[in-house]
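First comes the structure, then the notes that go with it.
The values are calculated or read from the model by the stated rules, or taken from the named source; none is laboratory data. None of these values were measured; they are calculated from a predicted model. Every residue, glycine as well, gets a Cβ built from its backbone with ideal geometry; the counts of neighbours run over all protein chains shown. Remember, those area values only see protein heavy atoms, side chains included, never the ligands or the DNA or RNA. Shrake-Rupley method; radii C 1.70, N 1.55, O 1.52, S 1.80 Å.
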Amino acid sequence: MSGVLVIRTPSGLSGDMLLAGLAVMAGQAADIGSVLAATGLPLPQGAVEIRPHALQGISGWQARVRLPHEHAHRHLGDILALIEASRLATPAKAVAARAFTLLAEAEGAVHGCPPGKIAFHEVGALDSILDTCLAAELLVRIAPDRLVCSPLPLCDGTVRCAHGLLPTPAPAVQELLRGVPVCGLASTGETVTPTAIAFLRAAGFVFGDWPEMVIRQTARIYGGRVLPGVPNGALFALGDAVPAPAKHRPHDPAGPDSESS
């Protein structure tokens, strides 16, 4: 049977939520430190923990990332070199590199300059590198045949970044949402982060309804923000595709076993 990974995002999605959900689906929530160490990424041990978390009495999981603040602004080439020098699995390197390339292309379109000239601010920080690279490694370990995500929720609001206070969705997210189904959300603020949408597109997720599948495991994943008045948390599900029913061939009275008159 082919494996199916599904993400439903009633209140949105961020890079740390992707990391937590994929860690649980891969059975690596308790061993995420070992996964990080195996990648060879230049990140401190203990940088991430996947821990149980409850909201409004509903249990789930959450990623807690602890990384030093830094002032460095990386270019695309810097991040691609870091990914290539790591011990990520080859397919994981491809997904991570594609995610950052998509981000650079989106930022380039926003600022009117070539992707290679873009100086990443927030998405070049260590936490975005950790989220993207670890999520890519975990996805390779899960090895699903099909990736499905719900339409992404959007709402009005503002987000503060290196360029000041901007309306949501952020400009790079706006670029990356081209061709992606979205829906309105009765709240305010950032619901989809650049790291999340870049990863979804780089990994090859399709956006739509629940597929027909037999569910093997699920997990509810919470982010670091709580949006008022909406159902918070993303749902991750892993299972097997339901085979299409075999087509019955109509009886051919003139088939090979029939007699000629």
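May I ask you to verify whether Ser59 is in contact with a Cys (Cβ under 8 Å, 6 or more places away or on another chain), surrounded by fewer than 21 Cβ atoms within 10 Å (Cβ to Cβ), touching a residue at least 24 places away in the same chain (Cβ under 8 Å) and over 18 Å from Pro144 (Cβ atoms)? Working first, answer last.
Values: in contact with a Cys (Cβ under 8 Å, 6 or more places away or on another chain): no; surrounded by fewer than 21 Cβ atoms within 10 Å (Cβ to Cβ): yes; touching a residue at least 24 places away in the same chain (Cβ under 8 Å): yes; over 18 Å from Pro144 (Cβ atoms): yes.
For Ser59, the condition - in contact with a Cys (Cβ under 8 Å, 6 or more places away or on another chain), surrounded by fewer than 21 Cβ atoms within 10 Å (Cβ to Cβ), touching a residue at least 24 places away in the same chain (Cβ under 8 Å) and over 18 Å from Pro144 (Cβ atoms) - is not met.
Of Leu130, Leu139, which residue is more than 25 Å from His69 (Cβ to Cβ), in contact with a strand residue (DSSP E or B) (Cβ under 9 Å, 6 or more places away or on another chain) and among the hydrophobic types (A, V, I, L, M, F, W, C)? It would help to see each step written out before you state the result.
Numbers: Leu130 fails: more than 25 Å from His69 (Cβ to Cβ).
Among Leu130, Leu139, only Leu139 is more than 25 Å from His69 (Cβ to Cβ), in contact with a strand residue (DSSP E or B) (Cβ under 9 Å, 6 or more places away or on another chain) and among the hydrophobic types (A, V, I, L, M, F, W, C).
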Considering residues of region 75-96 that are more than 16 Å from Ala38 (Cβ to Cβ) and buried (at least 22 other Cβ atoms within 10 Å of the Cβ) only, the residue modelled with the highest pLDDT: Val95
Inter-residue pairs, beta-carbon under 6 Å, first under 21 Å from Val159 (Cα atoms) and in region 227-256, second open to solvent by 80 Å² or more (accessible area, probe 1.4 Å) and modelled with pLDDT of 60 or more, 6+ apart: Asn232/Val226; Gly233/Arg220
Pairs, first modelled with pLDDT of 70 or more in region 113-130, second aromatic (Phe, Trp, Tyr) and assigned to a loop (DSSP other than H, G, I, E, B), C-beta under 9 Å, six or more apart: Ser128/Phe120
Tabulated pairs, region 11-24, first in contact (Cβ under 8 Å) with a residue 12 or more places away in the chain and open to solvent by 10 Å² or more (accessible area, probe 1.4 Å), second small (Gly, Ala, Ser) and assigned to a helix (DSSP H, G or I), C-beta under 8 angstrom, 6+ apart or interchain: Ser14/Ala196; Met17/Ala196
Neighbours by Cβ (under 7 Å, 6+ apart or cross-chain): first from region 173-194, open to solvent by 20 Å² or more (accessible area, probe 1.4 Å); second in a loop (DSSP other than H, G, I, E, B) and among the acidic types (Asp, Glu): Thr188/Asp156
